[in-house]
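Input: a single structure, listed below in structure tokens.
The values are calculated or read from the model by the stated rules, or taken from the named source; none is laboratory data. Just so it is clear, the structure is predicted and the values come from calculations on it, not from any experiment. Here the Cβ positions follow ideal geometry from the backbone for every residue, glycine too, while neighbour counts run over all protein chains shown.
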Amino acid sequence: MIPLSEPTLDGNELSYLQECLDSGYVSGGPFVERFEQAFAAAVGARHAVACASGTAALHIALLVAGAHPGRMVAVSDFTFIASANAVRYTGADVLLVDSEPGTWNMNTELLHDEVVRRARQGKPIPDIIEVVHVLGHPAHMEPLLDLRDSYWIDIVEDAAESLGAGWTAGDLAGRQVGTAGKLACFSFNGNKIITSGGGGMIVTDDADLAARARHLINQAKMPGQGYVHDTVGYNYRLTNVAAALGNAQLERLRDRLRAKRAIAAGYAEWLRALPLTPAPKASWADPSYWLYSVLLDDGAGEPGDVVEAMGAESIQLRRLWPPLHQQRPYRRAEQIRGDVADDLYRRGLSLPSSAHLTEQDQRTVTAALAESVTRSNQMEAVRR
Ligand SMILES: *Cc1c(COP(=O)(O)O)cnc(C)c1O
């Protein structure tokens, strides 16, 4: 069986977990702060606040950025649903924005022009832009930076899938995802680039925002003796056990990223002759290739059929997400529509991308995929 994505646990995981158990600190404990500090340094941010999940991190980041009922938050239409759910938890309205073909991320130029138009007409504009860096590719940020500077719209990054990705040119050249917004969030779910079993992180350069986030994830408990709380908080802390795992994983981040980029280079090379569009890479981007994903050309088969055919060969592929505007909770959300997100869903597939995938595994995947799309091509020809 070649799975889509499984964690690589080959570092200090066991010894840190043992340390954790020996110490008796399984809920709160020293691994949490250590993880926060090492993570902030790895991303290039000043502060980090560990959370119980990436979704919890997003919820809190949006709250401290000012999301609440009556506010509008622009989100990528093409993303994992947690990006939008976190907005709804705050009571704010979701504005879905179509993708751009070059990166599959939010079409930030489309959003920019729409905001400028609305502002001129005196119509409501988003208060916050939650930009998602999907599948390991950073979003095109300059139009958003312009909206931030011209209209005071705050940027919150959902970098759950893109730890280690960055920009190589433009206003953010040399920076990593997580440093472009007022706040940014990461996930350490088992299938992400590094894992803590489950967990998330908020990063920010703003000490006040970090302190407010830390307060909210800790039941809004006031410092000092006793149980005094100044607002409705949340139990969103990361446990010491999870942070122990996270620390061990973070130590190996460089190796993980090197492996992901090598896997992407291998797929790009071996899939070149096939009727499909490879994973995007903009000239200004250094993607981390969390899940290497492709689009089937017309005639190369239906993604659902390919997933099934490959599954029969014990190779796990996955379709890309249906856009949020097709998902029941968001059908009535306001939308800046195009047809790119629909097209990504109609044609898209993620290929096995575990960091410890071997070259032999990759050749098995590409050979099976070649057979599957060739068969579909022939069937298509017969039908014609
Ligand atoms: C995984 C993911 C999340 C949520 O992270 P969890 O840790 O699973 O809660 C949010 N946004 C995106 C884009 C994700 O891929």
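Structure values in brief
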read-out	value
Matching residues, region 272-296, being of a type in the set (A, V, I, L, M) and under 25 Å from L163 (Cβ atoms)	A279, A282, A285, L291, V294, L295
Pair list, Cβ < 7 Å and 6+ apart or interchain, from region 156-174 residues that are aromatic (F, W, Y) to residues that are more than 11 Å from the ligand (Cβ to nearest atom)	W167/P138; W167/A173; W167/R175; W167/W284; W167/A285
Members of region 276-291 that are touching a strand residue (DSSP E or B) at 6+ places or on another chain (Cβ under 7 Å) and in a loop (DSSP other than H, G, I, E, B)	P278, A279, W284, L291
Residue ID - nearest to the ligand (Cβ to nearest atom), chosen from residues in region 93-132 that are over 25 Å from the mean Cα position of the chain (by Cα) and not in a helix (DSSP H, G or I)	P124
Lone unmet requirement of (1) over 24 Å from G199 (Cα atoms); (2) within 15 Å of the ligand (Cβ to nearest atom); (3) touching a strand residue (DSSP E or B) at 6+ places or on another chain (Cβ under 7 Å) for M72	(2)
Count of region 330-384 residues which are modelled with pLDDT under 95 and of a type in the set (V, I, T)	3
Filter result for the condition that a residue is part of a loop (DSSP other than H, G, I, E, B) and farther than 18 Å from H356 by Cβ, over G304, G299, G311	G299
Lone qualifier among A282, A242, A248 - being at pLDDT 95 or above, out of contact with any helix residue (DSSP H, G or I) (no Cβ under 9 Å at 6 or more places or on another chain) and buried (at least 18 other Cβ atoms within 10 Å of the Cβ)	A282
Selection count where residues are in contact with a helix residue (DSSP H, G or I) (Cβ under 6 Å, 6 or more places away or on another chain), of a type in the set (V, I, T) and in a helix (DSSP H, G or I), scope region 317-374	1
Near pairs, Cβ below 8 angstrom, 6+ apart or cross-chain, from region 181-198 (under 22 Å from V26 (Cα atoms) and assigned to a strand (DSSP E or B)) to any residue that is of a type in the set (D, E) and near the ligand (Cβ under 8 Å from one of its atoms)	S187/E161
Criterion (more than 24 Å from R331 (Cα to Cα) and in contact with a His (Cβ under 6 Å, 6 or more places away or on another chain)) met by exactly one of A119, A159, A86, A173	A159
Qualifying residue in region 51-64 (condition: more than 15 Å from the ligand (Cβ to nearest atom), touching a residue at least 24 places away in the same chain (Cβ under 8 Å) and closer than 30 Å to N247 by Cβ)	yes
Candidate set: region 299-334, residues that are touching a strand residue (DSSP E or B) at 6+ places or on another chain (Cβ under 7 Å) and without any contact (Cβ under 8 Å) to a residue 60 or more places away in the chain; chosen: the one surrounded by the most Cβ atoms within 10 Å (Cβ to Cβ)	P303
